[in-house]
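See structure below.
Derivation of every value follows stated rules applied to the coordinates shown; laboratory data play no part. As the structure is a prediction and not an experimental result, all values here were calculated from the model. Cβ: placed from backbone, ideal geometry, glycine included. Neighbour counts: every protein chain shown.
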Amino acid sequence: MTAPPVAYLRADGPGGAWTRDAGPALRAGCAVVLYASAGSWSVADGPGLRVLLGREYERYRAAGHRPAARYRFAASRRLVKHAAAAVLDVPADELDLARGPAGRPYLRGCDRLGLSLSHTGDLLVLALSLYGPIGADAEPLGRSGCRVLLAQRVCTAQELTDLRALPAHERGDAVLRLWTLKEAYTKALGVGTGLPFRTFGFRVEGTAAVLHDNTGEPVRPGEWTFTTHRLGTGHVVSTAYAPPPGA
């Protein structure tokens, strides 16, 4: 497996090096994964937030009985709009975020910028692409043992065989890598939960992965790039990206 064209950048707040690095990486054919704490993107309710959220402000208000959900919703949208603004060189409050039929977010009038948003706890993850579909998913590592029930529910027979070959203490994190890869792939396809996880699988080597069918045979080699990274925050983030030919 070759090194994937995906750049991981920490983006805690609107400023910082990531605002200079993300655009050139995207234009070079890479996907970019921004990760940050929700706290670094928090914003108080008020006129400024209403302008920033635009059409999504009512969704934000509808979560009034769940303060944590409102807090994360506002922070994630602020991250998306400031990241897109840095890449597209437009004001953040001029961007209009919407959701497709399967729930995938997109920017109205900016179809060339693909994006995928994931969050878990205080971690926000945003994957961006200028040249093809992109999906991302994140989970905290080490929350429980080997996650036997999850593996049996979502893994192919080949994946279960590969998991059994690992030392027992490595299986839990390995299951989460497979889970996040499958989430990322279905997000990139825009099918949500319409593609059963046991109908496709992955073989992971280092930070790269290859898609397989449920018999263990490779599928679409070269068409998709899959990555799975362990962040210093104690999370695994996986991406599915269809890069341009030759990238």
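Observations, loosely collected:
- Using the rule -39500 (n - 2.57) for each DSSP H run of four or more residues, divided by the residues of the chain, the 222 nm mean residue ellipticity is -10000 deg cm²/dmol.
- Positive-end residue, the range 170-243 charge dipole about Cα centroid, Cβ charges, pick of 231, 200, 216: 231
- Between residue 195 and residue 65, the FRET efficiency estimated from the beta carbon spacing at R0 = 30 angstrom works out to 0.35.
- Net charge, residue 39 excluded, C-beta distance under 11 Å - Lys, Arg +1, Asp, Glu -1: -1
- Loop-located trypsin sites (Lys or Arg not before Pro) in the range 16-124 (DSSP state other than H, G, I, E, B) with a sparse environment of at most 15 neighbouring Cβ atoms within 10 Å: 108, 112.
- A Förster radius of 41 Å, combined with the Cβ-Cβ distance separating residue 51 from residue 150, puts the computed FRET efficiency at roughly 0.50.
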